[in-house]
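Novice: Attaching a single structure in structure tokens format; questions to follow.
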């Protein structure tokens, strides 16, 4: 399976290597943003809001 995948990526030249890296990068950034959103606590502000 890995050999077939690498052969296909090599056959597609640079685009075959760029697309998986771009997808993994975007996926990692999305997971990092989700974790940051879930684990950062919003503290209630004290005082009056205008």
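Novice: Residue 16 - would you say it is surrounded by 10 or more Cβ atoms within 10 Å (Cβ to Cβ), within 19 Å of the chain's Cα centre (by Cα) and modelled with pLDDT under 85?
Specialist: Numbers: surrounded by 10 or more Cβ atoms within 10 Å (Cβ to Cβ): yes; within 19 Å of the chain's Cα centre (by Cα): yes; modelled with pLDDT under 85: yes.
Answer is yes for this residue.
Novice: Determine whether residue 7 is modelled with pLDDT under 95 and assigned to a loop (DSSP other than H, G, I, E, B). Quick ask: steps written out before the conclusion?
Specialist: Working: modelled with pLDDT under 95: yes; assigned to a loop (DSSP other than H, G, I, E, B): no.
Considered against the rule, which asks whether it is modelled with pLDDT under 95 and assigned to a loop (DSSP other than H, G, I, E, B), residue 7 comes out as no.
Novice: So for the stretch 23-36 (the condition being loosely packed, with under 10 Cβ neighbours inside 10 Å and at pLDDT 90 or above), does at least one residue qualify? It would help to see each step written out before you state the result.
Specialist: Kept after step one, since they are loosely packed, with under 10 Cβ neighbours inside 10 Å, are these residues of the stretch 23-36: 36.
Then drop every residue that is not at pLDDT 90 or above, which leaves 36.
For the stretch 23-36, residues loosely packed, with under 10 Cβ neighbours inside 10 Å and at pLDDT 90 or above: present.
The values are calculated or read from the model by the stated rules, or taken from the named source; none is laboratory data. Worth saying up front: this structure is predicted, and the values here are computed from it rather than measured. Because the Cβ atoms are built from the backbone with ideal geometry, glycine has one as well, and the counts that use them run over all protein chains shown.
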